[in-house]
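First up is the structure itself, then whatever we jot down about it.
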Amino acid sequence: HMRCHHPWGDEAHPRRCPDNTCVPCIGSLMGLGDIISQQLVERRGLQEHQRGRTLTMMSLGCGFVGPVVGGWYKVLDRFIPGTTKVDALKKMMLDQGGFAPCFLGCFLPLVGALNGLSAKDNWAKLQRVSWAGVENLWPAVQLANFYLVPLHYSFLSSTVFSCSLGWPVVQLCSVIWTLYLSWMS
């Protein structure tokens with residue numbers, strides 16, 4: 001379970017956000033990233049909007065991204081339980097050096113396959129992905145995330161959504177990254 005601040009402040013409600021309530025938030029914001037990609041980047045218009053692609057991104061957010069990244073953060077926190085600057089740096093290095101490439105190497109082909117791409121087309125698309133976001137954007141975002149955000153919020157803030165509705169910069173980076181992944185896949 002992840003701790004979660006609910007804006008309505010119901011004191012009777014235990015301030016915990018089970019994975020099954022926060023993970024759909026991730027799916028929703030991944031869907032939002034795809035909608036932004038299709039409408040603002042690709043300029044498809046409402047008539048040409050690929051609803052199946054948006055549903056695929058939402059489903060992957062709920063069924064793959066949320067559980068996998070959430071599980072990884074729990075493992076990472078067991079490996080490196082501290083919250084010092086050095087601990088945050090270690091977490092970021094493991095996350096970006098090990099987990100991120102493996103995760104993207106699974107996520108992008110999965111999206112391609114679900115969207116009907118052949119193995120050959122999927123491989124070609126994976127080779128066209130710019131890793132600049134992984135190399136330039138995410139290390140800084142994750143370093144701040146691991147140092148400043150408690151574990152029970154960090155999974156959500158770095159993935160796409162923070163139940164506390166805080167960390168707008170991390171959330172914005174996540175939506176932009178999801179938009180990019182949606183466009184590339």
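State which residue is modelled with the highest pLDDT when the search covers only segment 124-156 and only residues that are touching a Gly at 6+ places or on another chain (Cβ under 9 Å) and among the hydrophobic types (A, V, I, L, M, F, W, C).
L126
Restricting segment 31-49 to residues that are open to solvent by 30 Å² or more (accessible area, probe 1.4 Å) and among the acidic types (D, E) leaves a set whose member that is modelled with the lowest pLDDT is E42. Is there a residue in segment 168-183 that is modelled with pLDDT of 70 or more, outside any helix (DSSP H, G or I) and either in contact with a Lys or Arg (Cβ under 6 Å, 6 or more places away or on another chain) or surrounded by 14 or more Cβ atoms within 10 Å (Cβ to Cβ) (or both)? No, that holds for no residue. Every listed requirement among (1) within 20 Å of S28 (Cβ to Cβ); (2) at pLDDT 70 or above; (3) open to solvent by 80 Å² or more (accessible area, probe 1.4 Å) is met by L165 save one, (2).
In segment 42-70, the residues that are more than 19 Å from F107 (Cα to Cα) reach residues that are in a helix (DSSP H, G or I) and open to solvent by 50 Å² or more (accessible area, probe 1.4 Å) with C-beta atoms within less than 9 angstrom, at least six apart or across chains, in these pairs: E42/W183; H49/I35. Once segment 50-90 is narrowed to residues that are open to solvent by 70 Å² or more (accessible area, probe 1.4 Å) and of a type in the set (A, V, I, L, M), the residue that is farthest from N115 (Cα to Cα) is V86.
The values are calculated or read from the model by the stated rules, or taken from the named source; none is laboratory data. What you see is a predicted model, and the numbers here were worked out from it, not measured in a lab. Cβ sites come from the backbone with ideal geometry, for glycine too, and all protein chains shown count toward neighbours. In case anyone asks, the SASA skips ligands and DNA or RNA and just uses the protein heavy atoms, side chains included. Shrake-Rupley method; radii C 1.70, N 1.55, O 1.52, S 1.80 Å.
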